Amino acid sequence: MGTRTSEQLPLWIAASELPKSPGHPFYMRLSAVLDAQDFDRFVEDLCSGFYAPVMGRPSLAPGRYFRLLLIGYFEGLDAERGIAWRAADSLAVRGFLRLALDEAAPDHSTISWTRRLINLETHRAVFTCQPQETADRE
């Protein structure tokens, strides 16, 4: 039986040398479908009234917020802490959320605050793909 020798690992690694995730086929396809339907612009238009132009800490973009909710739905995560952990842990999910390698995943408190900020009618409009005017009448 040999003994384990420890090597001094490099302190800094260039981002270009990091392994690339091939992505998850489901999230890659879902992202393509959302992009084809201009999902981010759709939710930004629906949620524009809930966001101030400049105030306080940077907000969670509506497109990223609703993508986080989709991750929670498809992966059976019913808690914002679980969704935040999954976003921080998985390179494939980070790719779906369009998070850069040096960008932190949203914290559970940010997800929770955004959920409370956007009203129920807007959530329904996004997930049923109805324009806001139709959702307001119901």
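The values are calculated or read from the model by the stated rules, or taken from the named source; none is laboratory data. Keep in mind that this is a model prediction, so the values were computed, not measured. SASA here: full protein model, heavy atoms, side chains in, ligands and nucleic acids out. Shrake-Rupley method; radii C 1.70, N 1.55, O 1.52, S 1.80 Å.
Helix 108-117 against the longest principal axis of the chain: what's the angle in degrees, Cα atoms only, rounded to the nearest 10?
Between the helix axis and the principal axis of the chain, the angle is about 10 degrees.
What number, in percent, do you get for the relative contact order of the chain if the mean sequence gap of Cα pairs under 8 Å and at least 6 apart is divided by its residue count?
Once divided by the residue count of the chain, the mean separation gives 24 percent.
Taking a probe of 1.4 Å, how large is the accessible area per residue of the chain, in Å²?
So the chain comes to 72 Å² accessible per residue, rounded to a whole number.
Please state, as a whole number in µm²/s, the translational diffusion coefficient that the Stokes-Einstein equation yields for the chain at 10 °C and 1.306 mPa s, with Rh defined as the Kirkwood radius across alpha carbon pairs.
Diffusion coefficient, whole number: 93 µm²/s.
Could you look at the chain and say what percent of its accessible area is carbon and sulfur, using a 1.4 Å probe and all protein chains?
For the chain, the apolar C and S fraction of the accessible surface comes to 57 percent.
Between 17, 80, 121, find the one with the highest GNM mean-square fluctuation for the chain; connect C-alpha pairs within less than 10 Å.
Comparing 17, 80, 121 in a Gaussian network model of the chain, the most mobile one is 17.
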